[in-house]
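The values are calculated or read from the model by the stated rules, or taken from the named source; none is laboratory data. All values derive from a computational prediction rather than experimental measurement. The accessibility values were calculated without ligands, DNA or RNA, using every heavy atom of the protein model including side chains. Shrake-Rupley method; radii C 1.70, N 1.55, O 1.52, S 1.80 Å.
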Amino acid sequence: IGNTAFAKCSGFTGSLFLPDGLTTIGNGAFDDCTGFSGSLTLSVVLTTIGDRAFNRCSGFTGSLTLPGGLKTIGNTAFDSCSGFTGSLTFPDELTTIGNFAFNRCSGFTGSLNLPGELTTIGKGAFTYCTGFSGLVMGNKIATIHDSAFGNCSNISGNVIFPISLLSIRNKGFLGCNKVDAFRFPHTTPPPYYTDMLPGGATVEVPTSAVDTYKATDGWKDYNIVGY
């Protein structure tokens, strides 16, 4: 499906079923198609969802399961698709979630489980996704960009980062005030970026590294405890 193929086709109603065999949804393919009022079913062999592919398609309902071969979700791919009500399920092979990919998708519920091959979470990827109640990180995540989980205000429990994590950028988790603790396995503190965690958040680090974190600018402003 090519770029902007159905952009602004506001008269569609009901569900959208994309056939098996489809591998690519181009940039802006269904951008601003506001009439849909049902589920979205994707091809099982889909590998790419382009930038703005379903941007502002706010009428989709139910859960969203992304197919097993998908590797990339483009920038603003599902931005403001607020109508989904249920789980968001990622495939194991997904490597990249683009900037603002699920921004303001407030209807998703349950735990957000990120896959094992995922390395990059784009800027604002899940901003204002207030329905998620938990967050499980994959074990290859390297970069969490600015405001990636900003104002995901209902995520609770512990958020446990993998040793692969290199950085959480500015305001990465700002507003995630219900998280009990953010756990880092790093004995050397990762770079500190402004407001990357909620103010006063509890940060769990290896017991041997507690003093190091407490002596490091930025990190020392959090409640550092050992595990």
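Maximal additional length on extending the Asn177-Thr47 stretch stands at 43.3 nm, based on 0.36 nm per residue less the C-alpha distance. The alpha-carbon atoms of the range 1-84 define a convex hull whose volume equals 68 cubic angstrom per residue.
Taking the chain, how many lysine pairs are there with alpha carbons less than 19 Å apart, if each pair must be eight or more places apart or span two chains? Lysine pair count for the chain: 5. Rolling a 1.4 Å probe over the protein chains gives Thr207 an accessible area of about 90 Å². Would you mind telling me the share, in percent, of accessible area of the chain contributed by carbon and sulfur at probe 1.4 angstrom? That share works out to 49 percent. Measuring spread by the Cα atoms of the range 62-181 yields a radius of gyration and Dmax of 12.6, 35 Å. A quarter of the convex hull surface defined by the alpha-carbon atoms of the range 169-227 gives 3.4 nm² as the mean projection.
In summary, the convex hull built on the alpha carbon positions of the range 110-153 has an orientation-averaged projected area of 2.7 nm². Size descriptor for the chain, Kirkwood hydrodynamic radius: 17.9 Å (Cα pairs only, one decimal).
Protein heavy-atom accessible surface, 1.4 Å probe, per residue over the chain: 40 Å².
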